[in-house]
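Chemist: Here's a structure for you.
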């Protein structure tokens, strides 16, 4: 069984039942494919919780738990890098449940990181996000990794630098407004609409 989706007022909703508990939510999305993906992730999370798995935490909660578990056994430098990531470089991803983080989410957050850091640092940032997500898979919080982003190579950086230029244009156009990175990120379509 899986989630049933239906449209109401131009917005897709889903419903399903797991272990006698009914779930019915709006996806807030107009795209059927995106709504199906979100509904399937919600269904998988409900099944996991019903079968005794741990509830799906946000990325910030996951990073905090990872630090607490690994502080006695990991090097001080490794712990510091994860703490720095948790404190300064989660952007909007920190508030999202890890099963709802998509490839687009990670790519756009990486582009935000690239505005002020070099590609090698962005690869280190990506390794931390990947490590935390795979730790959640290993602990049974996720069935599989919900996103796939590759590391930046020498040739890929020119493509990503074009994305960074578009990101800078969008951010520059919003200067003067107190726009949080999370608000900007939710309007990801703006990034694609700005010509390079």
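Throughout, read-outs are computed from the coordinates displayed, never taken from laboratory work. These numbers come from a predicted model, not from an experiment. For neighbour counting, all protein chains shown are included, and Cβ atoms are generated from backbone atoms with ideal geometry for every residue, glycine included.
Chemist: Per q in 0.19, 0.20 Å⁻¹, report the Debye log10 I(q)/I(0) for region 1-101, using one uniform scatterer on each alpha carbon and no solvent.
Modeler: Those come out to -0.93, -0.97, one per q.
Chemist: Further question: Just to be sure I understand the curve: with the Debye formula and one point per C-alpha of region 1-45, what is log10 I(q)/I(0) at q = 0.24 Å⁻¹?
Modeler: Here log10 of I(q) over I(0) equals -0.74.
Chemist: A follow-up question, please. Evaluate the distance, in nm, between pseudo-label points positioned 7 Å from the Cα of residue 61 and of residue 7 along their respective Cα→Cβ axes.
Modeler: 3.4 nm
Chemist: Jot down the per residue volume, in cubic angstrom and as a whole number, of the convex hull over the alpha-carbon atoms of region 32-158. Working shown, then result.
Modeler: On the way: hull volume 14.5 nm³, N = 127.
That works out to 114 Å³ per residue.
Chemist: Taking a cut-off of 16 Å, what percent of all Cα-Cα pairs in region 58-118 are separated by more than that?
Modeler: Tail fraction, whole percent: 48.
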